[in-house]
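Written out below as structure tokens is the structure these notes cover.
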Amino acid sequence: MAKKGGVQQLQADLTTDEEFEKFLQRTGLLVLDIYSEWCGPCLGMVGSLRKIKLELGGDNLQLAICKAGSISYLNRFNKKSEPTWMFVTNGKAISIMFGTDVPKLVAMITRMLQSTMAKESHLSYEITELQPIELQQLEVRNKALRQAEEIELAESRRKRLEYLHSVTDCIMANLPDIGITVFGPQVNRDMFKKLSEPADPLKIQCKDRKVFTILPSDIATVNFAAENPLAPDVIELLYEKELLMCFWKVEEVLGSPPTVLRQYAHELTKETIKPPDEFNEEEIIVPPMIVPMEVSVEIPEPEQTEEDQEHQDAHQLVDTKTENVEDGEEKASPEEVPPVEPTTVPKADQNKTKTVRIPPIWVPSDQRTHAALIYTYFRAQTSTFLPPDPVPEPPHIVMIFDAYKKKDLAILLDTCREDIPLYGFFNGENPQTAVFIANSVDKYNAKPYVPTDKIVLKVNKVSSPTIPTLMAYGPSYVSTNSVIGHKEATQFFPANYKSALQEEEELHAVKAEKPKKRKKNKKGGDPEESGKVDIGLTDTQQEADEAVKTSPEEGASTTSSGEDSCESRPATADGTNPDGTQGT
């Protein structure tokens with residue numbers, strides 16, 4: 001790719017819709033060199049195109065460079081750095097090519113020019129229509145995005161499960177005698193006094209009880225390892241409902257909390273028989289304290305497709321003709337058989353219903369799910385031993401650019417600081433071998449430039465325009481997904497890596513530190529006043545210098561190879577090394 005100097009003699013320069021539409025009216029084969037604002041038109045082909053035009057094309061070959069960002073017909077090519085060539089005849093696109101393969105481009109132009117001059121027919125497309133090669137690229141890109149999403153989702157689930165196992169292990173170790181009961185929506189808090197009666201013989205104590213609104217995210221956490229989770233159709237009916245939950249303490253000698261609480265649930269839900277007494281001559285069956293709640297739910301039938309309807313109509317048509325033959329009637333031709341009108345079934349009749357039984361109480365059969373309930377709904381009971389959940393780090397990727405693009409990226413690095421938490425300059429893009437150079441544009445500018453240098457960005461993969469904007473600047477590498485990106489970012493930016501902003505904040509903190517108060521002598525003066533003030537200032541300056549020396553730019557621990565980054569840099573133009581020593 002090169003700048004546009006001198007191209008007007010061979011090609012038209014199109015920047016507006018009006019110019020583009022007028023150019024499309026020309027006869028012959030039109031070759032469009034489409035470029036974007038970031039990546040200028042490809043002029044390395046000027047000599048080859050001139051030769052083809054003079055020797056073969058003449059007026060039958062028309063060449064133009066088109067700025068995609070200002071021509072609406074070419075908007076899909078805007079902000080793309082890959083060279084794009086579109087071939088047009090009679091106002092329609094007949095082919096497209098991407099890349100800088102000169103022999104391939106010359107061969108395509110020669111072949112299509114000959115075909116156009118011979119007035120052969122072509123498979124044509126609208127200028128704005130995606131051509132087959134573009135559809136293939138789109139499918140490949142979408143497939144890669146789907147695979148990346150699947151990998152990221154799997155990794156996110158793995159990390160979540162790993163964390164939930166960790167916190168529930170901690171809860172089980174610290175609260176081994178605690179269990180939770182979850183009551184259905186048919187049980188309200190006013191019933192608790194009655195519900196607590198069977199608890200006394202079992203020697204269990206309710207230490208806390210609350211009513212919680214059930215949310216899908218909470219249920220997902222509770223059931224992450226449940227051995228007897230509630231049925232999915234039951235859970236769906238509980239969403240947004242308020243349920244009473246009780247926090248029970250169980251005597252260890254009586255058994256584990258799941259075992260004892262399941263016995264408690266049995267007492268609440270069983271029928272009892274009252275023997276005859278002086279008032280009743282026969283036994284009396286006493287109903288349970290709490291019973292299941294039955295809810296009727298509609299089940300919509302799957303919608304009938306047009307193909308199914310046609311298939312059904314065809315069967316009806318065959319059945320009608322068969323009946324006519326069986327009745328001794330003359331077989332009718334298809335034209336004679338009237339079309340069968342499809343029967344319209346009222347929407348209400350298309351749905352079936354089922355009955356869902358919501359249990360009055362649920363007790364997990366495993367201790368881990370009890371711990372998950374405590375973690376989700378009774379977190380205050382864990383404050384003495386379980387730290388707050390850490391703020392999750394956003395998923396991120398690594399984007400690498402040639403260092404000469406630093407000026408264009410500088411504004412983004414400042415304005416998009418939340419989405420680009422770290423960046424740095426390295427002597428290559430391999431995270432295992434790249435050597436650190438500088439952690440800011442200003443520091444890098446003070447060092448000698450090497451064409452192979454790279455600027456590496458850690459970019460948060462969030463719903464913001466930051467990544468699409470960065471893509472417009474043509475990165476040389478982008479992590480395929482956030483799982484790989486996390487690994488690469490850890491290699492480029494280890495835990496002890498400090499950004500320029502962090503260094504600046506630490507330096508200000510050192511300067512702002514107040515000097516210790518000195519004891520005064522009997523006369524009220526400072527015995528070390530003379531000559532010591534300057535020394536104190538020198539000490540403060542020395543501390544600031546030490547803080548800078550331990551920054552990632554000069555520290556050996558910040559380079560992937562474990563060497564001081566300055567040692568690998570060439571000498572500056574005046575013959576001095578970056579560390580100030582005289583070059584040999």
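The values are calculated or read from the model by the stated rules, or taken from the named source; none is laboratory data. Note that the structure is a prediction, hence the values are computed from the model and not measured. Glycine also receives a Cβ, built like all others from the backbone with ideal geometry; neighbour counts cover every protein chain displayed. These area figures cover heavy atoms from the full protein model, side chains too; ligands, DNA and RNA do not enter into them. Shrake-Rupley method; radii C 1.70, N 1.55, O 1.52, S 1.80 Å.
What to note about this one:
- Per residue value of the accessible surface for region 451-496 (all protein chains in place, 1.4 Å probe), Å²: 45 Å²
- 3J(HN,Hα) along region 280-293, derived from phi through the Karplus expression 6.51 cos²θ - 1.76 cosθ + 1.60 where θ = phi - 60°, amounts to 10, 7, 10, 5, 10, 8, 8, x, x, 5, 10, 10, x, 10 Hz, with x in place of Gly and Pro.
- When a 1.4 Å probe is rolled over the protein heavy atoms, the share of accessible surface on region 96-232 that falls to carbon and sulfur comes to 54 percent.
- Globularity ratio of region 42-151, using Cα Rg and 2.2 N^0.38 Å: 1.21
- Label zone at E298, where the point sits 7 Å out along the Cα-to-Cβ direction: region 227-265 residues whose backbone N lies under 17 Å: 237
- Globularity index of region 388-485 is 1.08 (Cα radius of gyration / 2.2 N^0.38 Å, N = number of residues).
- Karplus-derived HN-Hα couplings along region 232-249 (A = 6.51, B = -1.76, C = 1.60, θ = phi - 60°), whole Hz, x at Gly and Pro: x, 5, 6, 4, 4, 6, 8, 4, 6, 8, 9, 10, 7, 10, 10, 9, 10, 9
- Rounded to whole Hz, the Karplus (6.51, -1.76, 1.60) HN-Hα couplings of region 192-203, x for glycine and proline: 4, 4, 5, 5, 7, 4, x, 6, 4, x, 7, 6
- Spin-label model distance (nm) - A512 vs Y239, 7 Å beyond Cα toward Cβ: 4.8 nm
- For the set K159/K458; K51/K119; K53/K104, the pairs lying more than 18 angstrom apart at their alpha carbons are K159/K458; K51/K119.
- Kirkwood hydrodynamic radius over Cα pairs of region 463-511, then Stokes diffusion coefficient at 25 °C and 0.890 mPa s, in µm²/s: 182 µm²/s
- Computed FRET value (nearest 0.05) for S196 with V462, which takes r as the C-beta separation and R₀ as 41 Å: 0.25
- Per residue accessible area in Å² of region 117-247, where ligands, DNA and RNA are left out and the probe is 1.4 Å: 61 Å²
- Using R0 = 35 Å, the C-beta based FRET efficiency linking R111 and L145 works out to 0.50.
- Lys/Arg +1, Asp/Glu -1 at C-beta; region 406-510 dipole; positive extreme among T452, A495, V462: T452
- Carbon and sulfur %, accessible surface of region 378-427 computed with the full protein complex present, 1.4 Å: 58 percent
- Positive dipole terminus of region 141-208, leading residue within L153, L164, N188 (C-beta point charges): L153
- Percent breakdown of C-alpha pair distances by 5 Å bin, ordered from the shortest bin, for region 176-283: 2, 10, 18, 20, 18, 15, 7, 5, 3, 2, 1, 0
- Inter-site label distance for N60 and V102 at 7 Å from Cα along Cβ, in nm: 2.5 nm
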